[in-house]
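Student: Handing you a structure now.
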Amino acid sequence: MRITAEKLQSFTTDLFVAAGADRTDSTQTAEHLVLANLKGHDSHGVVMAPSYVENIKRGFLNPQGHIEIVKDAGGVLLIDGCAGFGQVVGREATAVGIERARENGIACVGLRNAHHLGRIGTYGEMCAEAGMVSVHFVNVVGHEPLVAPYNGAERRLQTNPFCAVAPRENAPPIVLDMATSFVAFGKVKVAYNAGNLIRDGVLVDHDGLPTNDPKVMFSQPGGAVQPFGLYKGYGLALMCELFGGALVGEWTMQPEHERSGTVINNMLMMVLNPDVFGGTERFQHEITAMVDYLHDTQPAKGADRVRIPGEPELESMAERTVEGIPIDSQTWSELLDAARAVGMSDSAIAKFSG
Ligand code: NAD
């Protein structure tokens, strides 16, 4: 089925309100999830909402959680997300980073203990809207690992996202926003829910041999997701673990730590004001010329054109804003189950169905 962004957002907002969150935080979280769907990242869209509701129930997600500044050294801050909605505390921490980068030219913000931050590009886009460059190293802890290290047949890491964003004048920012696993794990779940196979290279079975069946991630003996780019992606995943996790979160995937089934993100975020380097004008000139140069590349045989990171998301958004967001039946039924579990009435649910 396809559902409009507005309807999906109202439903998801009401779901979080019914689960105990206030309306402002529920709206902000729902907006973030639906924007991820619009941008084509269904793995980080409303498919996550039932797990958030479950984590509220289990005491892993504090729906009233907001940031607390733990250490403040001006341009360097350590912030606790207090296990609040990542979509709320992530924005709060980013706003602090932008404000400090305006004052100091650069801000380095460590955000620890945020419940799932969702699509990291959102925070980079906030920085770009303020004219800032940003770089984000993120790790994921609190549940069993999913990703095998390079040459490994066992899971040892999470999908640790990395994001880097450059603002553009009068044009959307350049947004490189990616899992360091071959794909974000949610994409494996989306394929599993839809009964689809997954493309080559993404998964290995319990012997470390390639497989296309997402079932290996949901049955025993389990397989693993591969890092992207062989040992290079594995190396970047490790640096996310060390910078986001060890430096900021004081919590990595090493087995001394609890794996209770929650999803906590820790993020090292650097926000830079281009004015303090060669100046915004020069920077913007180079970006425009470089983007034009790349766009002018002769496409490879069979390819339509060369894109800049962030463009596939804009294309998806243009299509889905008009056509609606596709939701598979498994995801929709999980959302309805979550709504019933938090006491939404059949009539309240019915206004979103059909
Ligand atoms: P992806 O592989 O779809 O895209 C990664 C990047 O490549 C994007 O910046 C995209 O714009 C760019 N890209 C894609 N196709 C391109 C093309 N043809 N030309 C140029 N650039 C192109 O994304 P992913 O790795 O599956 O990650 C999806 C989302 O999952 C991200 O938003 C990420 O932040 C999120 N994530 C979050 C967590 C978490 O714990 N919160 C963990 C993992 C991933």
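Student: Determine, yes or no, whether Thr252 is in contact with a Leu (Cβ under 7 Å, 6 or more places away or on another chain), among the hydroxyl-bearing types (Ser, Thr, Tyr) and farther than 24 Å from Met132 by Cβ.
Tutor: Here the answer is no, as Thr252 does not meet what is asked.
Student: Scan the stretch 87-96 and give yes if some residue there is open to solvent by less than 30 Å² (accessible area, probe 1.4 Å) and in a loop (DSSP other than H, G, I, E, B), otherwise no.
Tutor: So far as the stretch 87-96 goes, no, none of its residues is open to solvent by less than 30 Å² (accessible area, probe 1.4 Å) and in a loop (DSSP other than H, G, I, E, B).
Student: Going by the conditions given, is Ser333 outside any loop (DSSP other than H, G, I, E, B), among the small types (Gly, Ala, Ser) and over 15 Å from Met1 (Cα atoms)?
Tutor: Here the answer is no, as Ser333 does not meet what is asked.
Student: Now a separate question. If I filter the stretch 149-162 down to residues being within 12 Å of the ligand (Cβ to nearest atom) and in a loop (DSSP other than H, G, I, E, B), which single residue comes out as most open to solvent (accessible area, probe 1.4 Å)?
Tutor: Thr159
Student: Given the residues Val165, Val183, which is the only one that is crowded, with 21+ Cβ neighbours inside 10 Å, touching a residue at least 12 places away in the same chain (Cβ under 8 Å) and part of a loop (DSSP other than H, G, I, E, B)?
Tutor: Val183
Student: Further, regarding this structure: Test each condition in (1) touching a His at 6+ places or on another chain (Cβ under 9 Å); (2) under 29 Å from Met1 (Cα atoms) for Gln158 and report the one that comes out false.
Tutor: With (1) touching a His at 6+ places or on another chain (Cβ under 9 Å); (2) under 29 Å from Met1 (Cα atoms) applied to Gln158, the lone miss is (2).
Student: Suppose the filter is in contact (Cβ under 8 Å) with a residue 24 or more places away in the chain and open to solvent by 90 Å² or more (accessible area, probe 1.4 Å); does Asp275 pass it?
Tutor: In short, yes.
Student: Condition test on Tyr123, is it open to solvent by 40 Å² or more (accessible area, probe 1.4 Å), assigned to a helix (DSSP H, G or I), of a type outside the set (S, T, N, Q) and more than 8 Å from the ligand (Cβ to nearest atom)?
Tutor: Judged against the criteria, Tyr123 is not a match.
The values are calculated or read from the model by the stated rules, or taken from the named source; none is laboratory data. In this text the structure is predicted, and so the values were computed from the model without any measurement. Heads up, the Cβs are rebuilt from the backbone with ideal geometry, glycines too, and the neighbour counts pull from every protein chain shown. SASA here: full protein model, heavy atoms, side chains in, ligands and nucleic acids out. Shrake-Rupley method; radii C 1.70, N 1.55, O 1.52, S 1.80 Å.
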